[in-house]
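This report concerns only the one structure given below.
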């Protein structure tokens with residue numbers, strides 16, 4: 001069975017090297033919709049694959065990091081990267097260009113890692129991340145599966161190369177969340193949200 005949770009955020013970016021002149025040469029924004037699709041052949045003690053309420057915690061904080069932020073490719077021109085960080089309190093630096101395709105891969109790697117490090121407490125069993133869909137517009141989206149997320153041909157995504165601005169980190173319930181994630185620490189979901 002597959003379940004889906006939808007998140008929304010506003011984000012700006014520039015996508016160097018794409019065929020559309022406006023997209024590659026001008027900072028612009030989108031009203032993103034992100035769908036997390038989880039799957040399991042089992043139901044927990046509440047007869048659910050995974051309680052949607054549990055996603056409102058760390059997963060929501062990680063995805064919300066992109067809200068009213070600018071996504072920056074760390075390989076872009078040095079002056080541009082420095083200016084974006086200087087003039088925006090909320091930014092996320094990525095090891096890949098912030099296209100919808102790459103954003104879906106980044107989110108897959110981060111959420112997949114978090115899911116594997118989250119201790120289950122209500123009989124959840126064999127829950128896995130099926131895919132992530134990033135809607136950049138009302139008519140266009142990118143869907144990432146595990147083989148896409150970890151594809152070296154599409155550019156390797158390492159957690160230690162993703163950087164959240166201090167302002168983004170300060171908005172999290174746990175400012176050390178990403179450090180714990182990179183270190184492989186386990187997270188315990190509380191029973192009620």
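Looking at 137, 167, can you tell me which residue is closer than 21 Å to residue 61 by Cα and loosely packed, with under 15 Cβ neighbours inside 10 Å?
On the way: 137 fails: closer than 21 Å to residue 61 by Cα.
Of the residues listed, the single one that is closer than 21 Å to residue 61 by Cα and loosely packed, with under 15 Cβ neighbours inside 10 Å is 167.
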Quiz item: What helices (runs of 4 or more DSSP H) lie completely within segment 142-193 and have 3 or more residues being modelled with pLDDT of 95 or more?
Solution: 146-149, 166-171
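Residues 46, 53: which one is over 11 Å from the mean Cα position of the chain (by Cα), at negative phi and assigned to a loop (DSSP other than H, G, I, E, B)? So that I can check it myself, show each step before the final result.
Working: 53 fails: assigned to a loop (DSSP other than H, G, I, E, B).
From the options 46, 53, the qualifying one is 46.
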Quiz item: free of Cβ contacts under 8 Å to residues at least 40 places away in the same chain, touching a helix residue (DSSP H, G or I) at 6+ places or on another chain (Cβ under 8 Å), assigned to a strand (DSSP E or B) and closer than 30 Å to residue 25 by Cβ - does that describe any residue in segment 114-132?
Solution: no
Exercise. Identify the single condition in (1) without any contact (Cβ under 8 Å) to a residue 24 or more places away in the chain; (2) surrounded by 15 or more Cβ atoms within 10 Å (Cβ to Cβ); (3) part of a strand (DSSP E or B) that residue 23 does not satisfy, given that it satisfies every other one.
Key: (3)
Exercise. Please specify each residue of segment 56-95 satisfying the condition of being surrounded by 14 or more Cβ atoms within 10 Å (Cβ to Cβ) and part of a helix (DSSP H, G or I).
Key: 58, 59, 60, 61, 62, 63, 64, 80, 81, 84, 85
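The values are calculated or read from the model by the stated rules, or taken from the named source; none is laboratory data. Computed from a prediction, not measured in an experiment: that's the story for all the values here. Neighbour counts run over all protein chains shown; Cβ positions are idealised from the backbone, glycine included.
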